[in-house]
1. How about the range 118-146: which of its residues are touching a residue at least 40 places away in the same chain (Cβ under 8 Å), open to solvent by 30 Å² or more (accessible area, probe 1.4 Å) and closer than 27 Å to residue 330 by Cα?
2. Tell me, please, whether a residue that is more than 22 Å from residue 342 (Cα to Cα), of a type in the set (Gly, Ala, Ser) and crowded, with 22+ Cβ neighbours inside 10 Å can be found in the range 75-89.
3. Test each condition in (1) surrounded by fewer than 20 Cβ atoms within 10 Å (Cβ to Cβ); (2) in contact with a Phe, Trp or Tyr (Cβ under 7 Å, 6 or more places away or on another chain); (3) on the phi > 0 side of the Ramachandran plot; (4) of a type outside the set (Ser, Thr, Tyr) for residue 412 and report the one that comes out false.
4. Is there any pair with a first residue in the range 90-109 that is open to solvent by 40 Å² or more (accessible area, probe 1.4 Å) and a second that is of a type outside the set (D, E, K, R) and in a loop (DSSP other than H, G, I, E, B) whose Cβ atoms are under 8 Å apart and which are 6 or more apart or on different chains, and what are they?
5. Assigned to a strand (DSSP E or B), in contact with a strand residue (DSSP E or B) (Cβ under 9 Å, 6 or more places away or on another chain) and at pLDDT 95 or above, is that true of residue 210?
6. Of all residues in the range 423-470, which are among the hydroxyl-bearing types (Ser, Thr, Tyr) and open to solvent by less than 40 Å² (accessible area, probe 1.4 Å)?
Amino acid sequence: MVRYLNDLFDLKGYKKIITVSLVFISAFVKGQNMTSLDSALNIFLEDKILSDAHVGIQLYDLEKNSSLINYNAQKLFVPASILKLFTSAISLEILKKEFTFKTNVMFSGELEITSGTLNGNVYIFPSGDPSLQSSYFSDYNFIEDFAISLKQKGIKKVLGSLHIVDSASRYCANGNWLWSDIGNYYGAGTSLVSFRDNSVDVFFNSSDSVGGPTIISKISPENEDVTVLNKVIVGPSNRDLAYGYGSPYNAKRTIKGEIPRSKKDFKVKISMHDPSNYIRKEVEQLIYFENQSDAYNDNLDTLMVYTSPTLLNLLKKVNFSSNNHFTEHILFKTMLTLDSSLSYDLVSNFNKNYWTNQLQLKSDFNIVDACGLSRKNLVSPDIMNKLLIYTFYNSEIKSSFQSTLPISGISGTLKYLGKGTSIENNFIGKSGSMDGIRCYSGYFVKRDKFYPFSVMLNNFSCTSKQARDAITKLMVGIYDNL
């Protein structure tokens, strides 16, 4: 039978025909896919609601080492929070995923066991831990652990003082942020001292009519050193449109804007004026300090060492919740690890230079903070994708980096992106948004292949939801044709 078939067909020639046919089919399918990708891009670019927007897009094929879409990809855009990907990557490289912040609490002097009186001082050595008493980690409690440590040591009263040793770092807001941002929780300052997310919750009761007054019902944590001036009225929207104004070390905060009608204990979050002040207030509620001595004593004993969650868990909060506060402190700590003499003002430029070298960039870009809050940050889709490619091929951080990224339609800030469409559960990445800005950067995942993708939309006049919906349609069109 085999001999008969060999006589009937020239098998070598037949195989050649099959091979040529497969090559032709493959080229045809590839051409069809490229046409479909172009079509998805054109539909997006021709959308009238984006007619006034600046658009930059790059889709990359790692296997072919080439771009599948490259539209304005070398132009610079305001990235908003997708800039956090740079901080995530460099901190994983330098600090490593298992890194933890450690806050040392020490004491000096002699302890009288019978009376529980410490004839000395207590010292807190902050480490820049942004999760200290943070609402994002309810299982970690610095104040509670402090109280337990005092009880275990038998300390009931301190004749000396409480010292918060933070002289190496002054609490400050980024000089490139807007005045209307730094008084709010998302624009809180950065230093080696952080406490309760460096934010304060102000609760309002609102009247029933638009334009009517509001009253402050409570403030948490309370602090008699701080004055809050209420200029909030009732607005027609159901959104929180109230904003805090005030700078670091200024104990006067003004809150302006609008909150919904008929609300009780409606929460507005503003930034702390001085986290050291708040730590002091809460520790002094745990134990009485007579403040008879302010002299620093080098002969110290350990009261406790407080350990933060791991860097990996902190970065998950950074990217899932787009947490500016965590991001700024993590980059500050990372840069101090590389150069302990750096001030906060120099950190961002150091970060830019690091990535210019690591990514071998020939084009310029601008980084002025860690979290993307400043509109002076300027990055191209091409540079964003270079970072994604770099982390993908870096075996030491690849899996950790990807584990910090939300999943489209499933989690974090991407929870509603593409939900119920083909990209649900098939894109991991980071979103970034401000007024007139919406960006996404991450990986499409299809047939176990990863495709770096960055889309940056600036200066649109449509609503943020309309911009997101347009981007979603683009991403679905791209994914369906990969």
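1. Hits for the range 118-146 are 125, 135, 136, 140, 145.
2. Looking for residues that are more than 22 Å from residue 342 (Cα to Cα), of a type in the set (Gly, Ala, Ser) and crowded, with 22+ Cβ neighbours inside 10 Å, one finds at least one in the range 75-89, hence yes.
3. Of the numbered conditions (1) surrounded by fewer than 20 Cβ atoms within 10 Å (Cβ to Cβ); (2) in contact with a Phe, Trp or Tyr (Cβ under 7 Å, 6 or more places away or on another chain); (3) on the phi > 0 side of the Ramachandran plot; (4) of a type outside the set (Ser, Thr, Tyr), the odd one out for residue 412 is (1).
4. 97/310; 97/397; 98/310; 99/310; 102/127; 102/308; 104/127
5. no
6. Scanning the range 423-470 gives 431, 440, 441, 443, 451, 454.
The values are calculated or read from the model by the stated rules, or taken from the named source; none is laboratory data. Note that the coordinates shown come from a computational prediction; the quantities given were computed from them, not determined experimentally. Backbone-built Cβ (ideal geometry, glycine too); neighbour counts: all protein chains shown. Only protein heavy atoms, including side chains, enter the accessible area calculation; ligands, DNA and RNA are left aside. Shrake-Rupley method; radii C 1.70, N 1.55, O 1.52, S 1.80 Å.
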